1. For K81, go through the aspartates and glutamates and keep the ones whose alpha-carbon is under 18 Å away, minus same-chain ones fewer than eight residues off.
2. Once you have the Cα-Cα distance between E74 and R61, take 0.36 nm times their residue separation minus that, and quote the gain in nm to one decimal.
3. Give the angle, between 0 and 90 degrees and rounded to the nearest 10, that separates the Cα long axis of helix 32-47 from the longest principal axis of the Cα atoms of the chain.
4. Can you compute the FRET efficiency between E2 and L122 using 1/(1 + (r/R0)^6), with r the Cβ-Cβ distance and R0 = 25 Å? Round to the nearest 0.05.
5. As a check on your grasp of the helix formula, calculate [θ] at 222 nm for the chain: sum -39500 (n - 2.57) over DSSP H runs of n ≥ 4, divide by the residue count, round to the nearest 500.
6. With each pseudo-label sitting 7 Å past Cα toward Cβ, what's the N115-E52 distance in nm, one decimal?
7. Which net charge results when you count Lys and Arg as +1 and Asp and Glu as -1 among the other residues whose beta-carbon is under 11 Å from that of G59?
8. Which entry in [x] 68; [y] 62; [z] 59 is this structure's computed percent of Cα pairs over 17 Å apart?
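None of the figures in this text is laboratory data; all of them are computed from the coordinates on show. Bear in mind the structure is a predicted one, so any value in this text is a computation, not a measurement. All Cβ positions, glycine included, derive from the backbone under ideal geometry; neighbour counts span all protein chains shown.
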Amino acid sequence: MEIGIKGYAEVMVDQSNVASSVGSGLLDVFSTPSMIALMEKACKESVEPFLEEGQGTVGIRLEVDHLAATPMGEKVWVDSKLIAVDKRVLTFSVAAWSAKEKIGEGIHKRCIISNDRFLEKLRAKYE
């Protein structure tokens, strides 16, 4: 895995991803949880082609600022960039945008996992 891998994800702001629908606020504006999910998606998808068979990544840390509100009907997109690799931990810079302005930014960390081993450990905890 090499530093510099870039990612991208986009979504239209609609009733499914506004604060009033996801429980994070009362207004019909793009929600912080939806912005975070879009950031994770951009990062996750950017490194998937570089993983070995049976591997995946899971989010382990996210520190973001939601800078501006975005109304329904607008497109929101996220750009991500892999900025550090420490064994299995991948660190990304992320920025979210609307047509008007930057709406969010931050740092996201993901850990490379073996999907089967991860699920086996999880099942063992809950048996």
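1. Straight-distance partners of K81: E2, E10, E40, E45, E48, E63, D65, E105.
2. On the way: separation 13, 0.36 × 13 = 4.68 nm, distance 2.77 nm.
Taking 0.36 nm per residue and subtracting the Cα distance, the gain is 1.9 nm.
3. 40
4. Working: r = 30 Å, r/R0 = 1.20.
Efficiency, rounded to the nearest 0.05: 0.25.
5. Numbers: 3 runs with 31 residues, N = 127.
One gets -7000 deg cm²/dmol as the mean residue ellipticity at 222 nm.
6. Reported label-point gap for N115 and E52 is 1.6 nm.
7. On the way: positive: K41, K44, R61, K109, R110; negative: E40.
Taking every other residue near G59 into account, the sum is +4.
8. Label [z] holds the value from this structure.
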